[in-house]
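First up is the structure itself, then whatever we jot down about it.
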Amino acid sequence: YLNAREARCENNKNMGGTLMARTENLPLYKKTFELLLELHKIYPSFDRKYKYTLGSDTIKAVKDALILVIKTNNAEDKKPLINELIFLLQEVQINIRLLKSLKMIKTNYYFHLSEINIELLKQSEGWKKYIHQNQVTAVA
């Protein structure tokens, strides 16, 4: 008898490779992972007052976004997941701005993090548009 994890792995092999391997090649996944790494690099320098609230919340939101990219890539109905991803990335942008306003990050780093996040939002919106166009074409 296979346990649940072994069964999933076996199912993934039957599908022609692991789900993670296919997802890791997505530019959206790579960029989200880059943002997560950047946040982890600066996290230790946060003031204690904000480290375990705003800092942790921001990292968790980016990690949740990364998981949503994986789920969306493998979902039948991608539209609601993409909408959730866009909402989450907007929350991340607010948190990045708050980190800057509270002087937890310097202006140049604020621009760097914002640039990455804005690129993520653009890619997500593009994915949403692509899916919408394909649904309209399939219906017509």
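The values are calculated or read from the model by the stated rules, or taken from the named source; none is laboratory data. Not measured: the values here are computed from a predicted model. All Cβ positions, even for glycine, are placed from backbone atoms using ideal geometry, and neighbour counts span all protein chains on display. Calculation scope for accessible area: heavy atoms of the full protein, side chains included, ligands and nucleic acids excluded. Shrake-Rupley method; radii C 1.70, N 1.55, O 1.52, S 1.80 Å.
For this structure, a couple of remarks:
- Residue count for segment 72-90, restricted to those that are surrounded by 15 or more Cβ atoms within 10 Å (Cβ to Cβ), in a helix (DSSP H, G or I) and charged (D, E, K, R): 1
- Within segment 57-106, the set of residues being farther than 30 Å from GLN135 by Cβ and among the polar types (S, T, N, Q) comprises THR58, ASN95, SER101.
- Among the residues examined, GLN123 qualifies as part of a helix (DSSP H, G or I), closer than 19 Å to THR23 by Cβ and open to solvent by 40 Å² or more (accessible area, probe 1.4 Å).
- For segment 41-56, the criterion of being open to solvent by less than 20 Å² (accessible area, probe 1.4 Å), under 30 Å from HIS132 (Cβ atoms) and either touching a helix residue (DSSP H, G or I) at 6+ places or on another chain (Cβ under 8 Å) or at pLDDT 95 or above (or both) is met by none of the residues.
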